[in-house]
Amino acid sequence: MASTSKPQTPRLPLDISEIESSSDPEGDSEDSSAEDETPTIVRSPTKLTYKIDRLSDETRSTVREAFKDPPRLSLQYCRLQDDTYAFQMTEMVPRSIRIGSSESKFPTPRCSCGKQNGPCKHLLWLLDQLVKQTLYDQDPASPLTMTSKGFAEEVGDPFSSISDFHLDVLADSLRCRVVHPDSGNDDDDDDDDDDEDLDPSRVQEARELLASVAAVDPEEYREDIFTDPTPGTNIIKRRDLECTIFRMLLDNNDFFHYFLSRARSSDPIKDPFNKLEQRVRRVLRDLDAYSARPDTSSSSSPSREGPRNVAWAARHILGVTTLINTTIFKRDTPLTSRERTSAARALVRILAAVTARNRDAHPAPTLLDRNLYARLIGDAARPTFIIDTLLLLPDAAAPFLSDLETVAEAVGVHGAPAAYAEKLSRLLASLKKPARSGSGSKRQDPSGGQGPQGRGSKRVK
């Protein structure tokens with residue numbers, strides 16, 4: 001595979017820290033001091049911490065070096081072929097990593113760099129990125145346990161972790177293309193895969209980048225381009241610079257990541273809550289597609305990955321809401337007003353989407369296995385879905401009162417456990433109260449952030 005990286009353009013490590021706020025002041029100096037104080041615990045580029053006391057001296061040294069000076073890598077694409085996941089990366093020279101099932105030729109993750117006796121820096125980098133995305137219930141205050149194979153013990157089997165998550169959902173978060181074995185790109189050293197299908201995630205992020213430069217809401221930016229986007233027969237769109245740049249962002253992965261590296265921390269593309277809410281939207285689209293054709297959808301998906309059914313969607317949604325809650329309340333610094341509003345917006349959108357799915361999505365033995373609303377809201381075992389977090393963010397949730405009233409009306413029609421209905425009513429009552437000054441909101445909100453209160457409610461777009 002020919003590398004597409006340009007030597008004259010310094011590459012930055014791929015930034016996919018979806019749940020780490022950009023306002024987090026932690027820096028390299030703090031990371032280094034923490035490592036010196038606790039020699040057997042190291043912090044990775046994604047801000048995860050790992051215990052490495054079980055590793056050999058050589059492997060421990062490799063891990064330290066890989067995390068202290070991470071390789072300048074860019075993910076080009078990924079695929080599932082037979083029983084092996086493949087991730088193609090570029091580091092001036094291409095590197096390929098194989099993560100196979102226990103029955104495959106790659107039962108242990110392996111890199112093409114050929115390093116023996118333990119994981120290489122490329123493998124450590126990629127597996128750290130995978131853990132960051134797929135491990136939903138990890139307490140950020142508790143370090144993970146690094147295994148001698150280069151991944152966290154808490155993940156279990158990396159192949160199964162990706163399979164349960166689904167490769168294309170993971171690829172969205174990694175900002176990486178998915179290619180398919182039948183595309184004709186079977187050469188390990190060939191990345192010239194010309195897939196004509198546009199990647200919806202890349203289209204959306206290109207829109208967010210360009211809208212940020214134009215200081216326009218992404219959903220209102222250049223509808224003539226993004227209502228029905230096309231790659232065009234020519235990259236250059238005469239008399240339309242914005243459309244030309246859009247096509248370049250789709251066509252050139254290096255250009256996209258360079259543009260991304262110049263985005264502000266406050267831009268939508270860097271908003272962790274926005275990215276997590278987009279993951280839920282992707283999962284719900286997949287659920288809807290599976291529901292429309294449950295028999296054919298499973299056959300068109302990779303055989304090693306299970307159906308995109310209600311149970312699968314619910315796992316992702318619960319995982320995302322857990323990550324949002326963790327990001328709000330288990331961090332060293334409080335959220336800013338903008339971040340609090342973004343978190344509340346994401347939660348309200350997810351809640352509204354689940355409320356709208358009180359129907360049998362597909363055949364299944366029990367109601368909880370076929371009805372997403374029943375599983376997440378109607379089940380008495382889950383009396384706190386999203387509402388508990390919003391109760392602690394009254395200032396940030398206030399702008400979305402109208403949407404929450406619509407949710408409450410639907411819940412009243414569909415039915416919900418008494419505990420859930422009571423908390424929802426309490427949330428609405430708190431949002432309708434006049435804004436209070438003093439310590440009231442601080443007492444309710446563990447994150448300590450301040451946000452707009454008493455403003456008129458507005459619909460979530």
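The values are calculated or read from the model by the stated rules, or taken from the named source; none is laboratory data. Everything numeric here is computed off the predicted structure, so don't read it as measured data. Backbone-built Cβ (ideal geometry, glycine too); neighbour counts: all protein chains shown.
The table for this structure:
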quantity: Candidate set: the stretch 238-272, residues that are buried (at least 18 other Cβ atoms within 10 Å of the Cβ) and part of a loop (DSSP other than H, G, I, E, B); chosen: the one farthest from the chain's Cα centre (by Cα); calculated: A263
quantity: The stretch 341-363 - residue that is of a type in the set (S, T, N, Q) and closer than 17 Å to A408 by Cα and, of those, farthest from the chain's Cα centre (by Cα); calculated: N358
quantity: I269 vs. criteria over 22 Å from P140 (Cα atoms), out of contact with any His (no Cβ under 7 Å at 6 or more places or on another chain) and touching a residue at least 24 places away in the same chain (Cβ under 8 Å); calculated: yes
quantity: Residue count, the stretch 85-122 (criterion: among the polar types (S, T, N, Q) and modelled with pLDDT under 90); calculated: 3
quantity: Filtered residue count, the stretch 167-182, keeping only those that are assigned to a helix (DSSP H, G or I) and modelled with pLDDT of 90 or more; calculated: 8
quantity: Members of the stretch 87-122 found to be among the aliphatic types (A, V, I, L, M), surrounded by fewer than 20 Cβ atoms within 10 Å (Cβ to Cβ) and within 20 Å of F165 (Cβ to Cβ), listed by number; calculated: none
quantity: Residues of the stretch 370-379 that turn out to be touching a residue at least 40 places away in the same chain (Cβ under 8 Å), more than 16 Å from N309 (Cβ to Cβ) and surrounded by fewer than 22 Cβ atoms within 10 Å (Cβ to Cβ), as a count; calculated: 0
quantity: Every residue from the stretch 218-229 that is without any contact (Cβ under 8 Å) to a residue 60 or more places away in the chain and either among the aromatic types (F, W, Y) or touching a helix residue (DSSP H, G or I) at 6+ places or on another chain (Cβ under 9 Å) (or both); calculated: P218, E220, Y221, R222, D224, I225, F226, P229
quantity: Residue pairs meeting the criteria (Cβ under 7 Å; at least 6 apart or on separate chains; first touching a residue at least 24 places away in the same chain (Cβ under 8 Å), in the stretch 230-245; second in a loop (DSSP other than H, G, I, E, B)); calculated: P231/L198; E242/R222
quantity: Neighbours by Cβ (under 6 Å, 6+ apart or cross-chain): first from the stretch 31-48, under 18 Å from T59 (Cα atoms) and among the aliphatic types (A, V, I, L, M); second part of a helix (DSSP H, G or I) and modelled with pLDDT under 90; calculated: V42/E35
quantity: Lone unmet requirement of (1) more than 25 Å from the chain's Cα centre (by Cα); (2) over 22 Å from T327 (Cβ atoms); (3) modelled with pLDDT of 95 or more for A381; calculated: (3)
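Matching residues to (1) touching a helix residue (DSSP H, G or I) at 6+ places or on another chain (Cβ under 8 Å); (2) in a helix (DSSP H, G or I):
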position: C78; (1), (2): yes, no
position: F87; (1), (2): yes, no
position: P94; (1), (2): no, no
position: R98; (1), (2): no, no
position: E103; (1), (2): no, no
position: P107; (1), (2): no, no
position: C113; (1), (2): yes, no
position: N117; (1), (2): yes, no
position: H122; (1), (2): no, yes
